[in-house]
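Just so it is clear, none of the values below were taken in a lab; they were calculated from the coordinates. Because the structure is predicted, anything quoted here is derived from the model rather than measured. Positions of Cβ are backbone-derived with ideal geometry, glycine not excepted, and every protein chain shown enters the neighbour counts.
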């Protein structure tokens with residue numbers, strides 16, 4: 001197994017490079033025909049400027065290859081055939097500049113970005129299918145790329161939105177192909193994200209991991225059109241980064257993976273993760289749930305039906321707290337308590353996902369919609385011992401089963 005993983009690791013190194021040669025066949029003769037390894041792995045990959053060119057070239061390849069073939073024939077063609085071949089070459093060149101798929105591909109390659117019209121799900125698989133040649137079914141890759149004009153900025157407070165000024169562009173440098181040269185960003189500027197990362201580090205020196213900001217700027221594109229763009233950037237603890245999407249290998253090709261990964265965070269505003277369920281319980285008490293709300297002072301921070309604790313950011317299985325629920329207090333064995341706590345947690349998380357992702361569909365591009373939600377369980381029980389007084393993190397897996405609200409089906413959980 002170690003040997004197989006070592007070989008696969010070498011393949012990954014080759015595939016992440018700009019070279020597209022058959023790495024294993026070149027370095028390990030006969031490996032291509034060997035039995036496939038059984039390692040299902042996950043990668044994280046940040047697209048380079050060259051990758052956008054690779055995508056554009058791959059999309060245009062059927063036409064450009066045809067042009068190349070006809071040019072080869074032209075070298076030995078007679079006069080009459082030459083006229084016909086040149087006519088065909090001209091027609092193919094016209095396709096590259098007049099048909100939408102090729103115009104869009106050229107735009108992606110020239111401007112090094114994707115957006116709400118040029119979606120990652122339509123273009124990134126082209127790159128992955130040309131670069132990740134050796135992997136196993138079920139393997140995934142999280143791709144970080146230049147995602148411009150995508151995302152909902154209305155949910156981001158005004159205090160977290162920035163607009164570059166003339167002084168900002170100048171501070172970023174006034175040399176050739178620097179933002180300050182023409183007081184804008186453009187397709188000729190290498191790695192715009194590098195400038196935005198530095199800018200936000202200056203503006204937000206005390207940002208914590210997970211912080212989200214929006215930066216708006218003037219952009220001059222490859223079509224010589226000036227427009228306003230924005231990027232939604234997230235801080236990972238060290239740098240401000242671009243959008244990320246996950247893709248999965250189905251055994252034949254890479255496809256967009258709609259799987260949602262969310263880690264619940266504490267917070268006391270209505271939009272915060274645990275508060276979504278607290279407010280749901282409050283609104284439905286006496287109807288779908290019992291009147292089992294708990295209060296700390298004057299703020300609603302905890303409820304005892306599902307055990308969601310917004311103040312501490314966990315789900316409590318605390319034996320003392322849960323005894324405020326009459327149905328729980330009536331239970332006499334650890335096994336009975338664990339069964340109810342398990343059922344309530346699974347139900348509460350399904351409600352949370354329905355409220356968090358109300359527009360989620362059962363399938364995206366023909367792929368089933370799953371969600372992995374990570375939360376902490378406080379004072380966990382086992383079937384043989386009372387609560388432990390500590391918090392243990394778990395990742396729960398759910399599947400969206402129809403288009404209605406609150407229709408997430410529990411699949412499994414794993415201890416982290």
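Structure notes:
- Cα gyration tensor of region 69-142 - equivalent ellipsoid semi-axes, whole Å, descending: 36, 18, 8
- Annotation: peptides 58-64, 304-310, ranked by per-residue average of other Cβ atoms within 10 Å with the highest first, follow the order 304-310, 58-64.
- Share antiparallel - DSSP beta bridges, region 147-241, percent rounded to 5: 70 percent
- Relative frequency of Cα-Cα separations exceeding 15 Å in region 186-270, percent: 70 percent
- Debye intensity ratio in log₁₀ form over the Cα atoms of region 147-241, taken at each q of 0.16, 0.18 Å⁻¹: -0.64, -0.81
- Whether region 211-255 is rounded, prolate or oblate, judged on the alpha carbon gyration tensor where a/c under 1.5 counts as rounded: oblate
- Three-way shape call for region 82-207 based on the alpha-carbon gyration tensor, with the a/c threshold at 1.5: oblate
- Relative contact order for region 147-241, counting Cα pairs under 8 Å that sit 6 or more residues apart, in percent: 31 percent
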